[in-house]
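Read the figures in this text as sums done on the coordinates, not as results from a lab. Everything quoted here is computed from the prediction, not taken from an experiment. Note that each Cβ is placed from the backbone with ideal geometry, even for glycine, and that neighbours are counted across all protein chains shown.
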Amino acid sequence: MSTISSVNNQPLGYVAPSSVDSPAVSNNFGQTLAVAQAPKSWLTTAETSQAHRPNIKEFMDRLGAPFLDASELIYGVVGSNTDVRDWSAIMATDDPMSAARQATGQMYGRTETTPRTDAVYMGASDTVAKEGNFAVRLLKDENNKVLDQGLKLIDAQGLLLRDAGSNPETIARNAWLFGFDTQPLAKLAQAAASVSPDLGRAVQQASITAPAANTATAVPQAPVLTMAAENVSLLSLTGLTAQTTAQTTAPAKVEPFVTAQKDDQATSPSLQQVLQEAAANAFVHLDSATYLNTLFKG
């Protein structure tokens, strides 16, 4: 009669299973999961970014995007800052507009960049409160005179990018252009109200307003042409015609509102950039000669 001599003897070649609590297994799985969940980087070097950056017409043709969206996403959100967005990867996607906005958000979310010495950063003395890429600013001089106030867009290091706006639509629109999350705005409503009750209400509303691109069905409004302060005196602008989509009717004439703005902020395309684009390309809705004539008509 045979007996079992030992229940611990294992067949030749048996390999004991690894414990599910093994640190090595857990660590490897965690690292793999982290890599899989990490957001795609849309950033590259400045040289590579510039080499592959499309012009306004190329961006419009690729996406069917309105002129204002294209110009803002390519030039306006950058201003005098350095563009490091990977335009080669952006333009290769199925949705370059969303990719460009994500890239912009990543670009201004970096904390390892060397601070600029020729730009304005929000400091303790002029910051009422800040959340995410938004800050409520109240800047006064030594005589307690208000020099600047309002909601601002900032990067991760506090670099002042642009006025966010004073109404919900403008705030949401600027957040959309820069790829910034508007949820943090809810935490700034009270601080904004301490500067201006109207601003507080606008910030609260913007936190729940879904931003969107310009649409062809939007109600026409007088455009804001923002340029470097030194360029304002060079022009006497009385009319600006522009269409965001190809139309069979003549473009409507509107009166522009021109504001001077420091060139160290991310702003609308510079005058030089707009003129270069207009001179180099004939758009389907407006040839460059007509566009230039309307700029300098006075």
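Taking 22 Å as R0, compute the FRET efficiency from the Cβ-Cβ separation of L43 and S80 and round it to 0.05. Could the numbers behind the result be given before it?
Working: r = 18 Å, r/R0 = 0.84.
Computed FRET efficiency for L43 and S80 comes out at 0.75.
Counting only C-alpha contacts under 8 Å and six or more residues apart, can you give the relative contact order of region 138-185 as a whole percent?
On the way: 45 pairs, mean separation 9.6, N = 48.
Answer for region 138-185 is 20 percent.
Pick out, in residue order, every one of the GluC sites (Glu not before Pro) in region 126-205 that is DSSP loop and has at most 14 other C-beta atoms within 10 Å; say none if there are none. Can you show the working numbers first?
Values: sites: E131, E142, E169; in loops: E142.
Here the sparse-neighbourhood loop sites are E142.
Taking amide hydrogens as modeled 1.01 Å from N in the peptide plane, which residues meet the under 5 Å criterion relative to K140, leaving out close sequence neighbours?
Amide H neighbours of K140, under 5 Å, 5+ apart: L147.
Under a 5 Å amide H to amide H cut-off, with H placed in plane at 1.01 Å, what residues pair with G165 once short-range neighbours are removed?
Under 5 Å from the amide H of G165 lie the amide H atoms of L151, each far enough along the sequence or on another chain.
Given the C-alpha centroids of region 81-146 and region 154-196, what is the distance between them in whole angstrom?
Result: 11 Å between the Cα centres.
Can you give the extra length, in nm with one decimal, that the chain gains between D198 and A186 once fully stretched, where that is 0.36 nm per residue apart less the Cα-Cα distance? It would help to have the intermediate numbers written out before the result.
On the way: separation 12, 0.36 × 12 = 4.32 nm, distance 1.45 nm.
Gain in length upon complete extension: 2.9 nm.
Over the Cα atoms of region 56-151, compute the convex hull volume and normalise it per residue, giving Å³.
Details: hull volume 12.6 nm³, N = 96.
Spelled out: Cα convex hull of region 56-151, divided by residues, is 131 Å³.
Collect residues whose amide H, placed 1.01 Å from N in the peptide plane, falls under 5 Å from the amide H of Y108; neighbours closer than 5 in sequence don't count.
It is none; the list stays empty.
Are there any trypsin sites (Lys or Arg not before Pro) in region 132-180 that are in a DSSP loop and have at most 16 other Cβ atoms within 10 Å? List them by number.
Working: sites: R137, K140, K145, K152, R162, R173; in loops: K145.
Answer in residue order: K145.
So if each residue of separation counts as 0.36 nm, and I subtract the Cα-Cα distance between S88 and T117, what length gain in nm does that give? Can you show the working numbers first?
Numbers: separation 29, 0.36 × 29 = 10.44 nm, distance 2.99 nm.
So the extension gain works out to 7.4 nm.
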